[in-house]
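**Q** Input: one structure, supplied below.
The values are calculated or read from the model by the stated rules, or taken from the named source; none is laboratory data. Please read all numbers here as calculations on a predicted model, not as lab measurements. Reconstructed Cβ throughout: ideal geometry from the backbone, glycine too, with neighbour counts over all protein chains shown.
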Amino acid sequence: MKNIIFIGFVLLIFAAVSGFSEPTNYTYNYDFWDEQVASPDAYRVNAYILGTSLGIDNFRDPQGLFIKENRIYICDSGNNRILVLEADKDGNHNLVKTVASVFIDGVESPFKFPSDIFESRDGFLYIADTNNNRVLKLDNNWNYVFAITRPNDESIDDFVEFQPLKLIVDFANRIFVQVRNVNKGLMEFDSRGEFAGYIGANKVYFKIVDYIWKLVSTQAQRDRMLLFVPTEYNNLAIDGDGFIYVTNSTANIDPVRRLNAMGQDILIRNGYKKPIGDLAYGNAGGITGPSRFIDVVAFDNDSYACFDRTRGRIFMYDFQGNLLYAFGGLGNREGCFTMPVALDRMGTSLYALDSRTAALTCFELTSYGERINEALNEYKAGRYELSARIWENVLKMNGNYDLAYIGIGRAALRQGDYRTAMKYYKLKHYRVGYSKAFQLYRKQLMEENLWKVILILGILVIVPLVVRYSIRLIKEIKEA
């Protein structure tokens, strides 16, 4: 009877815990050996937004997403409209406006497959109206200001239509547009909409064997070969410092880059591996090949999240390029996707848009994710001791989290405690950090013990001289 009561008690506790537990998604990281290591969830699903949940018909092939403050813009491309939502303090998402056209000189001009929208700092709206072959600039009341159409420039191939897909506007109101079939980089327009050139073209990669073969081939053979040309980007975003993040989904090319004003890639890649998504993958479910980023969003602490179209995962990286965690996947269950297209954030919450399920998923941080964010924020603010303490709390929640060890080492390094930094870096085989800490520790030892070295050298030089002089003096005295 006692055993039955005990078993019943255990089952009751299990049921209670299960009832209070929240749905989770598979979250993981990679260790030094490139093996997946499961971790607590850093994000959990907070809302799942459909057209019907907003009181309208379902989205159809949505392509664009932009968030500013509590406003959410969705390019419902298949329905040729743009939706404006607002999130209230209770986490509800309410439809505020539906816009399907703009009036130009008193004539209504409908959108045709709008693919992206951006609100600048001064409140103007920019729309990539793809199948109308134009970029629209509107004021905050959706009144027409001007349109950008195909530039009359000889650098643009004759066969290329001006089909803008994605865009951003920087702090100087320069407009950067990713255009279909343009591989020379982003098209740049000034604040008046005048074409200014290209920026940040991808590097060209090719095999040396192909290059040699092309050199010895005939003209007819060369005409049939693939050209060595840059690949085009598929999305772009801007961070709080005005730097442009771009993504591309071509293999053997950095899938995410951070461009400065000169179009140079300044993304830091000091992690175990470059920020490329999954390090190990098979062909489960017929899905093969590496991760292919379709969008990127930057955070205030210089971390950034990338959206993988291949396996529907979101990869979060810190400012050094270390993978913080990855979550999501392909499927029809909560927190998964079938055709990822866009990613943005509201504060620390992530919003992911899926074109096939025609849904917008909102993820919010868990307590585990909040601790990681706090540690990064404190480090960026220069409060290294506090950052280290938070990383220690993260270790209590996940003892296998390599980044916590590295974070403690990084904080110790900035405080000048090089031995502690070396200890934590060594635990997780972080060679870049260990080498730097060891170099500084060696320099510190030399500076602290330089006087001892000088004293010993002085003794080694002076004492023999004194001894020889004393012997000679004694000898002279005896001879005298």
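**Q** So which residues in region 124-156 are over 22 Å from PHE195 (Cβ atoms) and in contact with a strand residue (DSSP E or B) (Cβ under 9 Å, 6 or more places away or on another chain)?
**A** ASP139, ASN140, TRP142, ASN143
**Q** Would you check if GLY416 is free of Cβ contacts under 8 Å to residues at least 40 places away in the same chain, surrounded by 10 or more Cβ atoms within 10 Å (Cβ to Cβ) and not in a helix (DSSP H, G or I)?
**A** So GLY416 passes the test.
**Q** Looking at (1) part of a loop (DSSP other than H, G, I, E, B); (2) within 17 Å of ASP41 (Cα to Cα), can you tell me which one GLY382 breaks?
**A** Looking at each condition in turn, GLY382 falls short on (2).
Per-residue answers, yes or no, for (1) among the aromatic types (Phe, Trp, Tyr); (2) part of a helix (DSSP H, G or I); (3) closer than 30 Å to ALA38 by Cα:
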{"residue": "ILE372", "(1), (2), (3)": "no, yes, yes"}
{"residue": "ASN400", "(1), (2), (3)": "no, no, yes"}
{"residue": "GLY409", "(1), (2), (3)": "no, yes, yes"}
{"residue": "LYS452", "(1), (2), (3)": "no, yes, no"}
{"residue": "VAL461", "(1), (2), (3)": "no, yes, no"}
{"residue": "GLU476", "(1), (2), (3)": "no, yes, no"}
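**Q** Scanning region 287-306 for residues that are among the small types (Gly, Ala, Ser) and in contact with a strand residue (DSSP E or B) (Cβ under 8 Å, 6 or more places away or on another chain), which turns out farthest from ILE168 (Cα to Cα)?
**A** Among those that are among the small types (Gly, Ala, Ser) and in contact with a strand residue (DSSP E or B) (Cβ under 8 Å, 6 or more places away or on another chain), it is SER291.
**Q** From the list ARG150, ARG134, ARG174, exactly one residue is buried (at least 17 other Cβ atoms within 10 Å of the Cβ), among the basic types (Lys, Arg) and farther than 30 Å from ASN46 by Cα. Which is it?
**A** When all the criteria are applied, what remains is ARG134.
**Q** Can you say whether LEU324 is touching a residue at least 12 places away in the same chain (Cβ under 8 Å) and over 11 Å from the mean Cα position of the chain (by Cα), as far as the supplied structure shows?
**A** Considered against the rule, which asks whether it is touching a residue at least 12 places away in the same chain (Cβ under 8 Å) and over 11 Å from the mean Cα position of the chain (by Cα), LEU324 comes out as no.
**Q** Okay, moving on. Can you spot a residue in region 283-300 that is assigned to a strand (DSSP E or B) and charged (D, E, K, R)?
**A** Checked against the condition, which is being assigned to a strand (DSSP E or B) and charged (D, E, K, R), region 283-300 yields at least one hit.
**Q** While we're here: Which of the numbered conditions does GLU22 fail, given that it passes all the others? Conditions: (1) at pLDDT below 90; (2) charged (D, E, K, R); (3) surrounded by 10 or more Cβ atoms within 10 Å (Cβ to Cβ).
**A** GLU22 satisfies all of (1) at pLDDT below 90; (2) charged (D, E, K, R); (3) surrounded by 10 or more Cβ atoms within 10 Å (Cβ to Cβ) except (3).
**Q** Select from region 306-332 the residues that are among the small types (Gly, Ala, Ser), surrounded by fewer than 23 Cβ atoms within 10 Å (Cβ to Cβ) and under 19 Å from ASP402 (Cα atoms) and list them in ascending order.
**A** Hit for region 306-332 is GLY321, nothing else.
**Q** Cβ-Cβ under 9 Å, sequence separation 6+ or interchain: first residue in region 31-44 and in the same structural domain as TYR425 (by TED's automatic domain parsing), partner assigned to a strand (DSSP E or B). Which pairs?
**A** Once the first residue is in the same structural domain as TYR425 (by TED's automatic domain parsing) and sits in region 31-44, no partner that is assigned to a strand (DSSP E or B) comes close enough.
**Q** Got a sec? Which strands (runs of 3 or more DSSP E) wholly within region 124-194 have at least 2 residues that are assigned by TED's automatic domain parsing to the domain that holds VAL246 and closer than 24 Å to ASN80 by Cα?
**A** Passing ranges, in order: 125-129, 134-138, 144-148, 164-169, 175-179.
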